[in-house]
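The values are calculated or read from the model by the stated rules, or taken from the named source; none is laboratory data. Small disclaimer: the values here were computed from a predicted structure and weren't measured. Cβ coordinates were reconstructed from backbone atoms using ideal geometry, including for glycine residues, and neighbour counts include every protein chain displayed.
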Amino acid sequence: MMELKVKPVIASYDNFQQFAKSENICENDLIVTNHYVYEADMEMLHLPCPILFQEEYGFGEPTDSMLESIQKDFPKDIQRIIAVGGGTVLDISKLLSLKHWLPVRDLYDGKVPVEKDKKLILIPTTCGTGSEVTNVAVVTFALEKKKEGFVREELYAEQAVLIPQLLRTLPFNVFATTSVDALIHAIEAALSPHASETVRLFCYKAIEMIMNGYFQLREEGPAKRKQLYQDFLLASTYAGIASDNAGCGAVHALSYPLAVKFHVPHGEANYALFTGVMKNYMELKKDGEIEKINKFLASLLKCPVDLVYDQLEILLNQLLPKKALWRYGVKKSNLVEFTDSVMKTQQRLMSNNFVPLNREIVYKIYKELL
């Protein structure tokens, strides 16, 4: 088994100005970002390169129509893409670094040659997706109401850059959903049968850093997060490295239909499914890696092992209150559709489960969480 793969070079800077000077940004670069990030950290630098603002082509998570709309404004002779943003900006930019990214459906179906012709630098402005160190681009196909991940070596960035200062404009709800997503990345990767012991070092360190940050927020309030952004950003990257090596599993797989049909933010959708998946794992197998991670979580939470997920929910609910699926609009009639979607389209993720989950168990998880 391969112990660890870390593809992009990982760099860090105190601020974007320091990064821009070091990388000598020029007219052959393209920055993909959001207006609020640009206005706060780039506008005063009068950069010589073109800028694409993601929200001018659509809101929310990446969609095929968003990528198709960008084509008309995509500048010529670009040699390097610098993506500064959350998961949407980073995933879109991975595809834009390819020579051909349209039609998006044909690309995802293997009908378009995958050839990278631009260098790629990814700079996260949230603390959760870990996309800066993965080779996955997740896109929602709007008409099909389907969310799919595209995994290719060509989607790795040449460089991932961590700049904690860029998180200072992050709204609390986005901080909450993305950091919970990072925590789930680390837990799912640790439980994956494809995880090596080296990968699990990254998992457990990410879990510890995120949980310790949450304890400080519990004691000192939401404003405390601004002093912890460096830790959360690094923990998110550790969790991204872990998930890139070992994969995410059923929590992510089962969250996709909820996110697509009811437009639930990715991290929130994951949290809605998280403890339901974990409790069903334990009904099937209580020993092995799940026993180890439960003891580790219990030691951090200072609670008995059999109460670990109840206590973890109490902690996480202070940041991101968990909702029953019906509160998003899910009806019992949706559960068969959700289950079928997972079993038919999410085997890439389901292959990373701690124990195999069949159709009946997937339906059971949804039903218990309704």
Problem set entry | Cross-chain or 6+ apart pairs with Cβ under 7 Å, the range 58-79 first and in contact (Cβ under 8 Å) with a residue 12 or more places away in the chain, then of a type in the set (G, A, S) | T63/A142; D64/A142; S65/G58; S65/A142; M66/G58; S69/G58
Problem set entry | Residue list for the range 190-216, restricted to those being touching a Lys or Arg at 6+ places or on another chain (Cβ under 8 Å) and either assigned to a strand (DSSP E or B) or closer than 13 Å to I241 by Cβ (or both) | A190
For this session: Please find, among K261, K224, the residue that is farther than 29 Å from E368 by Cα and assigned to a helix (DSSP H, G or I).
Result: K224
Problem set entry | Residue list for the range 340-359, restricted to those being assigned to a loop (DSSP other than H, G, I, E, B) and within 17 Å of K261 (Cα to Cα) | Q346
Problem set entry | Residues (within 24 Å of E154 (Cβ to Cβ) and part of a loop (DSSP other than H, G, I, E, B)) located in the range 2-49 | M2, E3, L4, K5, V6, K7, P8, I25, C26, N28, C49
Problem set entry | Members of the range 37-64 found to be of a type in the set (S, T, Y) and either over 14 Å from A83 (Cα atoms) or at pLDDT below 95 (or both), listed by number | Y57, T63
Exercise. Closer than 14 Å to V161 by Cα and not in a loop (DSSP other than H, G, I, E, B), is that true of L107?
Worked result: no
Exercise. Before we move on, is Y57 in the same structural domain as Y156 (by TED's automatic domain parsing), of a type in the set (F, W, Y) and touching a helix residue (DSSP H, G or I) at 6+ places or on another chain (Cβ under 7 Å)?
Worked result: yes
For this session: Among the candidates L201, L217, L228, L258, single out the residue that is farther than 26 Å from V161 by Cβ and of a type in the set (A, V, I, L, M).
Result: L258
Problem set entry | Any hit, the range 130-141, residues being farther than 30 Å from A40 by Cα and not basic (K, R) | yes
Exercise. When K76 is evaluated against the numbered criteria (1) over 19 Å from T125 (Cα atoms); (2) assigned to a helix (DSSP H, G or I), which criterion, by number, is the only one it fails?
Worked result: (2)
Problem set entry | Residue identified as of a type in the set (F, W, Y), touching a helix residue (DSSP H, G or I) at 6+ places or on another chain (Cβ under 8 Å), closer than 20 Å to M209 by Cβ and not in a loop (DSSP other than H, G, I, E, B) among F175, F150 | F175
Exercise. In the list L312, L320, L325, which residue meets the criterion of being over 15 Å from A269 (Cα atoms), crowded, with 19+ Cβ neighbours inside 10 Å, out of contact with any His (no Cβ under 7 Å at 6 or more places or on another chain) and in the same structural domain as V264 (by TED's automatic domain parsing)?
Worked result: L312
Exercise. So L52 fits all but one of (1) outside any helix (DSSP H, G or I); (2) touching a residue at least 40 places away in the same chain (Cβ under 8 Å); what number is the exception?
Worked result: (2)
Exercise. Just wondering, is there one or more residues in the range 343-353 that are closer than 30 Å to L217 by Cβ and either over 19 Å from the mean Cα position of the chain (by Cα) or surrounded by 13 or more Cβ atoms within 10 Å (Cβ to Cβ) (or both)?
Worked result: yes
Problem set entry | Failed condition for V362, given (1) farther than 19 Å from G267 by Cα; (2) touching a residue at least 60 places away in the same chain (Cβ under 8 Å); (3) out of contact with any Phe, Trp or Tyr (no Cβ under 6 Å at 6 or more places or on another chain); (4) assigned to a loop (DSSP other than H, G, I, E, B) | (4)
For this session: Kindly check whether there is at least one residue in the range 161-168 that is outside any helix (DSSP H, G or I), out of contact with any Cys (no Cβ under 9 Å at 6 or more places or on another chain), within 14 Å of L228 (Cα to Cα) and modelled with pLDDT of 95 or more.
Result: yes
